[in-house]
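Visitor: Please see the structure below; I have some questions.
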Amino acid sequence: MDVTAVIVAASRAVETGGERPLFEDVFAAEFVRAAGMSEAFPVSHAQIGLRENAENLRALARVTALRTRFLDDYFAEVPLTQVVILAAGLDTRAFRLPWPKGCTVFEIDHGSVLDFKQNVLDKADARARCDRRPVPVDLRTDWGGALVRAGFDPEQPTAWLAEGLLPFLPPTAEGRLLDRMHELSAFGSTVAVWAVAADIPGADATVRSTITDFGIDIDQVTNSEPRRDARAHLASLGWTVTESTVDELGERYGRPQRNHPATFFTARLA
Ligand SMILES: C[S@@+](CC[C@H](N)C(=O)[O-])C[C@H]1O[C@@H](n2cnc3c(N)ncnc32)[C@H](O)[C@@H]1O
């Protein structure tokens, strides 16, 4: 199982069990248990409280909560007929969000990740609230072909999501991914992107050291080789890019942050 996807699920489980959560992901803790990683990754504030690096773990959970809620709201604010979640990992939005009738949600990730996720969801008797279609394919290959074979319609506007993906891709694969996404996007399509590779070397010190505490070398699992800025790349293809900061999100959702360095943005092709 992809460990980075499990870390995100653990943080979502923490938020779900907390006071006045920004969202509820009832499957998140089960993913961590099913992956056999409950010892490694705390899934509640009580478990975090027993750790030496509790402050860092709380900081990681806080940012993941803001990111998740912001991207939930992104889907509430854009027109939706078809949605593509690139590197869906253990994202359960297909089961959590109130999708409009007839909306199709494609989830792309490695087959092993999607199979693991399906097993857990089947055991929980989970029911998607949309026409959910998992598409097992490596995003460094011809994923567009696999998406179209799964029923994706390039003539319809699409709401894309790339949450926690770009820092894992080599520069050429990222460039190709953005170009392919553009080719498959009808006018009116939108995309939300959380984190770019350039964030990694200067990643928030707490996030970096928390990942290290988990025994993972962030520089080994990510790729921060220099590349064209994703915002400039999309803008050059005609997308209108809107950026925001984590600190602004903190204010919007009543969870103050100070100088958090993660980059995220939405863009629209009009
Ligand atoms: C940090 S997780 C984020 C998962 C999900 N977007 C979320 O926020 O819950 C990164 C995900 O990217 C996926 N991934 C990384 N490289 C990939 C590739 N080349 N093709 C498909 N999936 C990839 C991993 O399998 C993992 O599920």
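Visitor: Output the number of residues of the stretch 233-254 satisfying the condition of being open to solvent by 50 Å² or more (accessible area, probe 1.4 Å) and either outside any loop (DSSP other than H, G, I, E, B) or within 19 Å of Val8 (Cβ to Cβ) (or both).
Guide: Result for the stretch 233-254: 8.
Visitor: Among the residues of the stretch 75-126, which ones are modelled with pLDDT of 95 or more and of a type in the set (Asp, Glu)?
Guide: Asp91, Glu107, Asp109, Asp115, Asp122, Asp125
Visitor: Out of contact with any helix residue (DSSP H, G or I) (no Cβ under 6 Å at 6 or more places or on another chain) and buried (at least 19 other Cβ atoms within 10 Å of the Cβ): is that true of Arg69 in this structure?
Guide: no
Visitor: Examine the stretch 74-93 for a residue that is open to solvent by 30 Å² or more (accessible area, probe 1.4 Å) and of a type in the set (Lys, Arg), and state whether such a residue exists.
Guide: Taking every residue of the stretch 74-93 in turn, none turns out to be open to solvent by 30 Å² or more (accessible area, probe 1.4 Å) and of a type in the set (Lys, Arg).
Visitor: Within the stretch 22-66, take every residue that is of a type in the set (Asp, Glu) and in contact with a helix residue (DSSP H, G or I) (Cβ under 7 Å, 6 or more places away or on another chain) and give me the one that is most open to solvent (accessible area, probe 1.4 Å).
Guide: If we take residues in the stretch 22-66 being of a type in the set (Asp, Glu) and in contact with a helix residue (DSSP H, G or I) (Cβ under 7 Å, 6 or more places away or on another chain), then Glu24 is most open to solvent (accessible area, probe 1.4 Å).
Visitor: Where in the stretch 1-96 are there helices (runs of 4 or more DSSP H), lying fully within it, with 1 or more residues that are away from the ligand (no atom under 16 Å from the Cβ)?
Guide: Result: 28-34, 45-49, 54-77.
Visitor: Let me ask something else about it. (1) open to solvent by 50 Å² or more (accessible area, probe 1.4 Å); (2) part of a loop (DSSP other than H, G, I, E, B); (3) in contact (Cβ under 8 Å) with a residue 60 or more places away in the chain: which one isn't true of Arg228, the others all being true?
Guide: Result: Arg228 passes all but (3).
The values are calculated or read from the model by the stated rules, or taken from the named source; none is laboratory data. Just so it is clear, the model here is predicted, and its values are computed rather than measured. Don't worry about glycine lacking a Cβ; one is built from the backbone with ideal geometry, like all the others, and counts go over all protein chains shown. Please note that ligands, DNA and RNA were not included when accessible areas were found on the heavy atoms of the full protein model with its side chains. Shrake-Rupley method; radii C 1.70, N 1.55, O 1.52, S 1.80 Å.
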